[in-house]
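The values are calculated or read from the model by the stated rules, or taken from the named source; none is laboratory data. Just so we're clear, the structure is a prediction, and the values are computed from it rather than from any experiment. Cβ placement follows ideal geometry from the backbone for every residue including glycine, while neighbour counts extend to all protein chains displayed. Heads up: the accessible areas ignore ligands, DNA and RNA and are worked out on the full protein's heavy atoms, side chains in. Shrake-Rupley method; radii C 1.70, N 1.55, O 1.52, S 1.80 Å.
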Amino acid sequence: MPGVTKEQIRRAKEWDLLSYLQTYEPRELKRCGGNEYRTVTHDSLKISNGKWHWHSRGIGGRTALDYLIKVRGMGFIPAVELLCGERGAAAWERPKPEPEERQQKPFSLPEENRCGKAMVSYLQNRGIDADIISQCIGKRILYESRRYQNCVFVGRDPAGIARYACLRGTHGDFKMDVDGSDKRYGFFLPASDKESSFLAVAESPIDALSVATLLKLQGEEFEKNHYLSLGGTAPRALLRFLRDHEAVTRISLCLDNDRAGLLGMEKIREAIREDTTLSRRIKVIADNPPPAAGGKDYNELLCRRAALRSVTRCEERA
């Protein structure tokens, strides 16, 4: 390859990421526990057992060369030259944070509409159980916004402080996260026993509530489970939740039955496996996407079953 020799490439590949950062950029490293580290610039980029993985982006590797190319965006030749010392690795300038990690706007919850009829009607039309909706309202994790009458799903930290919120329109397909939301704290419906060991994980708040509703319809003790929404498929909200709720040891992954959901479940398993503390604690991780015949996600499954029950009742009356 023009510009570098095979010998230079071989030498560059000898650098693992931890050794490189310890030697040239020690301030970029932060210990997570045991022999695991993360980087300061990207808190979801973890280093352990000779490998690194950037969980929020779903990429990883073994060598410092992989890191410089995939994370810092360097070309192959400049990265090899840097690691071989031709350009002086110690002179490397720390890059600016990625756009997703730049300083966000201050977080603020939308103003509440005390009469939440539009929200309640919308969720009930999506099949969500009325008592479960009432529980969410009582726990201050669900309300209707005064402006536009959106559903507001709130994620709170262990102290009860709102850190995250996502909006879902009661008309049309509008949905978005509130500016400044911290996606480490997803929408979360707690179990009746705060020391419950069971957690059901879904992509969206409506899917999480759909799982709870389906369990209730099946006559199961749905209140024994915690229900968490990831706000997507990335594992960061789950990892934060597990660190804050040490009693949880059994996880049911109820992500969507599509490519993104199935890949998301793989990434979650890998993220927990690479966290030595969590991997020792978690006893069960079950993949439970909705059955293919039931729809893409759990709310589709719930709505289909509700429609089937309605047809059955009509036939019985006839």
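Just a few scattered comments:
- Near residue 23: Cβ cut-off under 13 Å, other residues only, Lys/Arg at +1 and Asp/Glu at -1. The net charge is -3.
- Solvent-accessible area of segment 116-209 (1.4 angstrom probe, protein heavy atoms only): carbon and sulfur portion equals 48 percent.
- The figure for residue 18 is an accessible area of roughly 40 square angstrom, using a 1.4 Å probe on the protein chains alone.
- Under 18 Å of direct C-alpha separation, and excluding same-chain neighbours fewer than eight residues apart, residue 13 reaches these lysines: 51, 70.
- Candidates per GluC sites (Glu not before Pro) in segment 1-90, loop by DSSP, up to 14 other Cβ within 10 Å: 14, 86
- Estimated at the nearest 10 Å², the accessible area of residue 59 is 50 Å² with a 1.4 Å probe.
- Loop trypsin sites (Lys or Arg not before Pro), segment 224-314, which have at most 11 other Cβ atoms in a 10 Å radius of their Cβ (DSSP): 283
- For segment 127-269, size of Cβ-based charge dipole, Lys and Arg +1, Asp and Glu -1, in debye: 440 debye
- 1.4 Å probe accessible area per residue over segment 19-77, in Å²: 46 Å²
- 54, 15, reordered so the largest accessible area comes first (probe 1.4 Å): 15, 54
- For residue 183, the lysines whose Cα falls under 17 Å of its own Cα, not counting residues fewer than eight places away in the same chain, are 105, 175, 267.
- Percent of alpha-carbon pairs separated by more than 31 Å within the chain: 41 percent
- Highest average packing first - 40-46, 201-207, Cβ atoms within 10 Å: 201-207, 40-46
- Under 13 Å from the Cα of residue 296 - aspartates and glutamates, other chains or at least 8 residues apart: 203, 207, 256, 258
- The heavy atoms of residue 16 offer some 50 square angstrom of accessible surface to a 1.4 angstrom probe.
- Antiparallel %, DSSP beta bridges [both residues in the chain], to 5: 70 percent
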